[in-house]
Amino acid sequence: MVICNFMKPIIGITAGDTNGVGYEVIIKALLESHMFEIMRPVIYGNAIVAKHHIQTLGEEWRNINWNNIDSPEQAKDSRLNMITCYPDNLPVTLGVPSEEANKAAKASLDRACRDLQEGKLAALVTAPLNKEALNGGHTEYLEKKFSAEIVQGGSKAPTGSLMMLCSEGLRVALVCNHVALADIPSQITEERILGKLEVLNKSLVRDFGLEKPRIAVLALNPHAGDAGLLGKEEQEIIVPAIQKANEQGIWAFGPYAADGFFGSGHFAHFDAVLAMYHDQGLIPFKTLDMSGVNYTAGLSIVRTSPDHGTGYDIAGKDSADPSSMRHAIYMALDVLRQRTEYDELCANPLPFIERDDKEGKPRREFIDFKTTTGGNRFNHISSDQVPSDQVSSTTKEQNA
């Protein structure tokens with residue numbers, strides 16, 4: 001059973017790369033007075049190693065007493081709880097990647113994942129690490145351990161995970177995460193896009209409380225392929241995937257030419273954007289907001305992370321901004337609460353009632369109280385009623 005009363009959930013926070021800015025942003029984010037009022041933090045790292053980082057910070061951050069514990073159940077209110085995951089004598093060379101730092105980062109993540117699997121944590125927030133530590137990123141690593149399942153044909157199948165960057169006014173999800181640019185075209189398939197749309201739609205409903213989310217899908221090629229002149233992926237792969245998503249009740253629109261989509265503010269018409277590859281989605285996202293949160297959708301657990309990397313260039317200089325780490329903690333708590341409420345509401349759905357229509361044919365219906373009381377403002381709108389300037393798959397950029 002997850003150790004999580006509603007007011008003080010236990011949140012696990014991995015320290016990340018010991019030579020990066022992980023400890024700095026964690027300490028700065030957690031030592032804001034209100035943080036201890038909303039959770040009990042458990043940091044996975046080492047107090048002695050953390051001291052090396054604290055010595056590089058201003059005087060206001062240096063008076064820290066760690067509560068060293070062996071298990072999350074021992075976490076105390078209003079304390080910086082620490083679970084030791086690697087030796088005190090670990091070499092710390094701020095700003096320099098190292099094999100020792102990689103092993104330490106993986107050790108803290110492994111221990112946190114074990115506690116998550118045993119239900120001892122309510123959610124996980126991960127500080128940045130060097131991808132060499134995992135031979136990939138957090139997203140791929142966590143998918144192997146915590147991928148949720150759906151029932152298909154009477155058997156369970158994994159849904160896969162989805163990397164999604166979130167800020168107050170924008171959510172950008174990716175079809176391809178950390179993939180070499182040369183390998184992207186081979187991974188843009190109808191099945192993959194449809195699967196990502198399914199995970200994204202479910203997460204927007206369950207984790208973010210959106211009843212009928214609208215999703216914009218970006219094109220792969222310039223000008224959305226320009227009617228096949230600049231590539232046929234839009235016509236042969238992306239559009240069919242969108243159509244199949246629509247048949248499943250997913251409000252997906254596009255594909256939109258990526259170059260003008262963000263600069264024009266078009267993203268504001270949608271609840272989320274599905275980009276085809278990493279830089280296509282993350283360059284505009286981080287241009288608009290560098291304090292966003294990396295959220296992993298499609299997992300059985302709640303995991304967030306700052307949207308920046310290890311920050312080797314500023315490690316040890318007391319210049320790392322804790323905003324993204326702070327927002328990652330907030331989002332973990334928000335998603336945890338929203339997911340809990342959603343699951344409770346769906347635990348006992350209203351039963352279908354068999355009735356006969358005017359022609360005597362049987363039909364099934366139920367009363368949807370959310371719809372009848374107003375609910376989402378788009379509930380009553382069908383896709384063909386959305387203004388054409390918001391759903392056109394061939395935008396003006398194609399004529400440029």
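Observations on the model:
- Each Lys and Arg Cβ is given +1 and each Asp and Glu Cβ -1; about its Cα centre, the stretch 1-151 then shows a dipole of about 160 debye.
- Every pair of different Cα atoms in the stretch 1-106 enters the Kirkwood calculation, which places the hydrodynamic radius at 14.2 Å.
- Burial ordering of 34, 278, 327, 53, fewest other beta-carbon atoms within 10 Å first: 34, 278, 327, 53
- Cβ-placed point charges (K, R +1; D, E -1), dipole of the stretch 65-143 about Cα centre in debye, nearest 20: 140
- Sequence of 62, 337, 40 once ranked by neighbouring C-beta atoms within 10 Å, starting from the fewest: 62, 337, 40
- A simple spin-label model places the labels of residue 31 and residue 227 6.3 nm from each other, with each point 7 Å out along Cα-to-Cβ.
- Distance from the stretch 55-97 to the stretch 298-335 (C-alpha centre basis), Å: 17
- Over the stretch 183-301, the alpha carbon radius of gyration divided by the compact-protein estimate 2.2 N^0.38 Å works out to 1.03.
- Taking only the C-alpha atoms of the stretch 312-352, Rg followed by Dmax gives 18.8, 62 Å.
- For the stretch 147-284, the Cβ-based charge dipole about the Cα centre amounts to some 340 debye (Lys, Arg positive; Asp, Glu negative; other atoms uncharged).
- Cα-projected label distance for residue 88 with residue 247, points at 7 Å along beta-carbon direction, nm: 6.5
- Efficiency of FRET between residue 103 and residue 48 - r from beta-carbon atoms, R0 22 angstrom, step 0.05: 0.85
- With the simple model of a label 7 Å out from the Cα in the direction of the Cβ, residue 62 to residue 179 spans 5.0 nm.
Since every read-out is calculated from the coordinates, none of them should be taken as a lab result. No experiment lies behind these values; they were computed from the predicted model shown. Backbone-built Cβ (ideal geometry, glycine too); neighbour counts: all protein chains shown.
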